[in-house]
Amino acid sequence: VVPEFARFGSPDLAAATQLAVLETWAVTKKILITLGELFQGSEDAQVASVVKITEVGADSVKMGSEWFLSLLALLSINLGLLNLLPLPALDGGRLAFIGIEAIARKPVPPRVEVWVHGIGMLALMALMVVVMAKEIAEKF
């Protein structure tokens, strides 16, 4: 089995790696710009649940493996960046607590952190349920 790098626009493994890094950086920049616009209020938030992601994924499979792999890469980068946002229940929220502890030079009481992350998790779950219910209702 020999990979066909030329099919993706790269003649060899080194060029494919370079292209992967450049494309990942381009997608990362676009996501960060969109997040900035979101926080400024100049862009509307677009959220999707597993229902919409599955639908888009099925459509991309029909378009070919390159489209599907590109979608998977986009979702992976997007999930990784959003997970680093300083929101409770996400890794970025944990990093925020570590930063607070570093500045204060004493640990945040575990009970406080548990409550903050618990409330954050409930809020994220509620958002997921609302978005999923909306998408399912649109199907019928």
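The values are calculated or read from the model by the stated rules, or taken from the named source; none is laboratory data. A quick note: this is a predicted structure, and the numbers were derived from the prediction, not measured. Because the Cβ atoms are built from the backbone with ideal geometry, glycine has one as well, and the counts that use them run over all protein chains shown. Heavy atoms of the whole protein, side chains included, go into the accessibility calculation; ligands, DNA and RNA do not. Shrake-Rupley method; radii C 1.70, N 1.55, O 1.52, S 1.80 Å.
Starting from the Cα coordinates of the range 39-140, work out the convex hull volume and express it per residue in Å³. Before the final figure, lay out the partial values.
Numbers: hull volume 13.3 nm³, N = 102.
Considering the Cα atoms of the range 39-140, their hull volume per residue is 130 Å³.
Charged side chains reduced to their Cβ positions (Lys and Arg at +1, Asp and Glu at -1) give the range 98-140 a dipole of some 160 debye around its Cα centre.
Using helices alone, what [θ] at 222 nm do you get for the chain, with -39,500 (n - 2.57) per DSSP H run of 4 or more residues, divided over all residues and rounded to the nearest 500?
Working: 5 runs with 105 residues, N = 140.
That calculation yields -26000 deg cm²/dmol at 222 nm.
For the range 13-113, the solvent-accessible area of protein heavy atoms averages 72 Å² per residue (probe radius 1.4 Å; ligands and nucleic acids excluded). In this Cβ point-charge picture (+1 for Lys and Arg, -1 for Asp and Glu), the chain has a dipole of about 460 debye about its Cα centre. Along the axis of the charge dipole computed for the chain (Cβ charges of +1 for Lys and Arg, -1 for Asp and Glu, origin at the Cα centre), the listed residues ALA58, LEU13, ASN83 are led at the positive end by ASN83.
Could you tell me the relative contact order of the range 1-102? Use alpha-carbon pairs under 8 Å, at least six residues apart, and round to a whole percent. Display every interim value, and only then the final one.
Numbers: 45 pairs, mean separation 15.4, N = 102.
With pairs under 8 Å counted, the relative contact order is 15 percent.
Of the solvent-accessible surface of the chain, computed with a 1.4 Å probe over protein heavy atoms with every protein chain present, carbon and sulfur atoms account for 71 percent.
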